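Values quoted throughout were computed directly from the atomic coordinates according to the rules given, and no laboratory measurement underlies them. Just so we're clear, the structure is a prediction, and the values are computed from it rather than from any experiment. Here the Cβ is made from the backbone with ideal geometry for all residues, glycine too, and neighbour counts use every protein chain on show.
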Amino acid sequence: MDAADESTERLCAVFGSRLTEAIRCLVQVMIDPPRCQDQARGRRIAEARSIPELVAAVQEPGEYPRVLAEELGQLQARLAAEQAARIAAERSAFNTKAELKKMDRWLISMAAENAELQKRIQASEDQRITSDNQVAAQQGDVEAHDEILARTTARLKQADELLESQAKKSSATGSSTRRAWPCSRTVWRDSTATSRRMAPRLQIAPNVT
């Protein structure tokens with residue numbers, strides 16, 4: 001054994017434990033980041049008592065090796081699924097919005113048609129009321145005319161009865177009575193015919209105020 005080997009052995013015997021501790025700390029800092037801890041490897045490094053044991057602990061694979069390609073594929077598949085779901089949700093929201101706009105336009109159209117129908121119904125109701133008022137007024141005119149006609153007929157009848165009575169009482173004035181009798185009946189017939197012709201006109205003609 002030469003002098004160099006003896007010096008190395010002496011240094012290892014004196015400073016071996018300290019060097020091992022220093023190298024352990026350095027290795028832990030280099031290969032053990034906070035986000036990716038391997039408890040099995042960290043435990044082996046902590047239990048190492050020499051430099052060869054530290055080297056073996058570092059080189060030995062971890063207890064649960066991470067397959068990055070597989071994890072990356074899973075993440076990409078998950079991302080693609082989430083993107084597809086988002087696109088489907090956006091498409092559904094767009095279709096729903098289009099349907100809502102269509103329903104709004106339909107409701108506006110129906111409201112306009114309803115308003116127009118209400119106007120027509122109101123106009124028809126007003127026209128019916130006006131027509132009823134006109135019919136009522138015409139009916140009143142007809143009733144008044146019938147009353148006048150009845151009075152006139154009664155008076156003419158009284159006049160005829162009076163003429164007949166006078167004709168029976170006075171034979172001297174028979175010729176004049178016979179002349180007056182046809183005249184009175186002619187006047188009664190003309191008045192009755194005129195009244196009957198005017199009755200339909202009063203029912204049809206509008207009431208002008």
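Side notes on the structure shown:
- Each of Asp104, Asp160 was scored by other Cβ atoms within 10 Å of its Cβ. Arranged with the fewest first, they read Asp104, Asp160.
- By the count of other C-beta atoms within 10 Å, a proxy for reagent exposure, Ile45, Ile23 are ordered fewest to most as Ile23, Ile45.
- Three-way shape call for the range 95-174 based on the alpha-carbon gyration tensor, with the a/c threshold at 1.5: prolate
- Environment charge of Ile121, counting only residues whose C-beta is closer than 14 Å and scoring Lys/Arg +1, Asp/Glu -1: -1
- Computed lengthening from Ala46 to Thr153, 0.36 nm per intervening residue step minus Cα-Cα distance: 24.3 nm
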